[in-house]
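Asks: Here you go, one structure.
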Amino acid sequence: MKLICFSHAGGLSYYYTFLKKADFEGVDDVILYEYPLRAAKSKVPHFKSFDECADQIAEELQHGILREGAEDYMFFGHSFGAFVAYETAKLLQERYENPPKLVMISGQKPPCVVDPDHYKCCEEEGVAFLKKLGGLPEHLWNHTEAMQYFTNLCIADLRVLQTYNPGRELPERKLPAGVVLYGKEDIEFASEDLVWWKGYFENCYEIKEFEGGHFYLSDRKDELIAYLRGCIRKALREAAHTAA
């Protein structure tokens, strides 16, 4: 079983190393997916749209890591990465009948309440947006080059998000299983809207609240890992029961 993780807007996959170091029963590899413009993909052009983003990632995974459907897998996505995880999973199901055993959605509103104009406002806020959400440690705030680097990454990702317009309708075909995680002080969405995620999965385990804001996972790593272990065990049991 592969666990593939997708990061937030402006983020590096390295941020999620704590998940790669965790011991998840039944998971033999945790893969931290890297978007264009960073690390080994620093010279790879960014996606022109969100549709292109999900399409390219789905094809890359299906014909690579997932070995044409021979590998079972799960997704974890935080913030921007939550939409990437969901839409990529949907394409893998529609095109190849190869959905993930579980999609773990973190820190994100459901697609049916997305307003693309919101992400234009976020871009206009620039550095203030990054500081407000808490995605960068304070010791970087006075480091001009570092702040410019992460601001540029964030803006590039936000411009991809500005093309994401999934509409108000719930999907006709749901993904098999999902779980939704969020910080109760997150200012990016209304917590009461999260219930709509239940319309995207045949089995939505729970909408789980953690103490903290948008980046609750920074201060709740051990708690998050323990919770994810339970979700992964449940997904594996259900997959085994279905296959029997």
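The values are calculated or read from the model by the stated rules, or taken from the named source; none is laboratory data. Note that the structure is a prediction, hence the values are computed from the model and not measured. Please note: Cβ atoms are built from the backbone with ideal geometry, for glycine as well, and neighbour counts cover all protein chains shown.
Asks: Looking at (1) of a type in the set (Lys, Arg); (2) free of Cβ contacts under 8 Å to residues at least 40 places away in the same chain; (3) surrounded by 14 or more Cβ atoms within 10 Å (Cβ to Cβ); (4) under 26 Å from Glu25 (Cβ atoms), can you tell me which one Arg229 breaks?
Replies: Condition not satisfied by Arg229: (2).
Asks: Those residues that are assigned to a helix (DSSP H, G or I), in contact (Cβ under 8 Å) with a residue 12 or more places away in the chain and not hydroxyl-bearing (Ser, Thr, Tyr), I need them from the range 13-41; list them, please.
Replies: The answer is Phe18, Leu19, Lys20, Ala39.
Asks: What pairs come up if the first residue lies in the range 51-68 and is over 17 Å from Tyr86 (Cβ atoms) and exposed (fewer than 13 other Cβ atoms within 10 Å of the Cβ), the second is among the acidic types (Asp, Glu) and modelled with pLDDT under 95, and their beta carbons are under 8 Å apart, counting only those six or more places apart or on different chains?
Replies: Listed pairs, sorted by first residue: none to list.
Asks: What is the number of the single condition among (1) free of Cβ contacts under 8 Å to residues at least 24 places away in the same chain; (2) within 28 Å of Gly183 (Cβ to Cβ); (3) in a loop (DSSP other than H, G, I, E, B) that Val44 does not meet?
Replies: Of the numbered conditions (1) free of Cβ contacts under 8 Å to residues at least 24 places away in the same chain; (2) within 28 Å of Gly183 (Cβ to Cβ); (3) in a loop (DSSP other than H, G, I, E, B), the odd one out for Val44 is (2).
Asks: Moving on to the next point. Take the range 66-122 and flag every residue that is more than 17 Å from the chain's Cα centre (by Cα) and among the basic types (Lys, Arg).
Replies: Arg67, Arg95, Lys120
Asks: Is it the case that Gly134 is over 20 Å from Cys204 (Cβ atoms) and within 18 Å of the chain's Cα centre (by Cα)?
Replies: yes
Asks: Out of all the residues in the range 224-235, is one or more assigned to a loop (DSSP other than H, G, I, E, B), more than 24 Å from Cys122 (Cα to Cα), modelled with pLDDT of 95 or more and under 18 Å from the mean Cα position of the chain (by Cα)?
Replies: Looking for residues that are assigned to a loop (DSSP other than H, G, I, E, B), more than 24 Å from Cys122 (Cα to Cα), modelled with pLDDT of 95 or more and under 18 Å from the mean Cα position of the chain (by Cα), one finds none in the range 224-235, hence no.
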